[in-house]
């Protein structure tokens, strides 16, 4: 038999080892939290400085010989910065949705106006199907508008002066999808891979980050973003919403 004194010593050693492991775990978690907070502060400072630079560039566009091109670049920069502001910092808490009920038609009008303004001097024909105005949504209006602006902005940048961008509502059983279709440059298979939506590829400038933000905003609502395209023909984006979020207006 093991002496009682030895059992007591072993119990104390095991308890001490468990306490040391617990303290190390807490210290590691505290260090990760501090790193995440520092990264969030750096991201906020970077966004502030880049936004100021974009606004200054936009202001100078009128005085330059190639002002129209500079203005377009500045507006695209500001659009990406808006998307960065919507993107949660690393290790941040889950996104909190402020849900309300609102008409889908009004949301689409706002998003189209924002995307058109970001495009600058370019002009597109925005065609919104009548059924869009026939439904209402229950969602975080600001977040959903941000996702739609990113999708519309990508479609606008992929098209040419005078091209059409169509917006329609597609029923999928109890779910629904807002469909954005353009007749622009289209995308290649590599651009539709998961890593492209995750922003882990530079094959298409400005594609990964903006669509990744839009996808995350939709997933926060229980939805999804899906893309299909043919290079040189056009692309179609599906902003899919789960049951219960779409109802008759």
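Rule-based calculations on the coordinates, nothing more; no lab input. Treat the numbers as computed from the prediction; the structure is a model and nothing was measured. Because the Cβ atoms are built from the backbone with ideal geometry, glycine has one as well, and the counts that use them run over all protein chains shown.
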Sort 182, 216 so the one with the fewest other Cβ atoms within 10 Å of its own Cβ comes first. 216, 182
How far is it, in nm, from the label point at residue 31 to the one at residue 219 when both lie 7 Å from their Cα along the line to the Cβ? 2.8 nm
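Sort 240, 165 so the one with the fewest other Cβ atoms within 10 Å of its own Cβ comes first. Present the calculation step by step, with values, prior to reporting the outcome.
Working: 240 19, 165 24.
Sorted ascending by nearby Cβ count, the order is 240, 165.
Please rank 137, 241, fewest neighbouring Cβ atoms within 10 Å first, as an exposure proxy. Before the final figure, lay out each step's value.
Details: 137 22, 241 25.
Starting with the residue having the fewest Cβ neighbours, the order is 137, 241.
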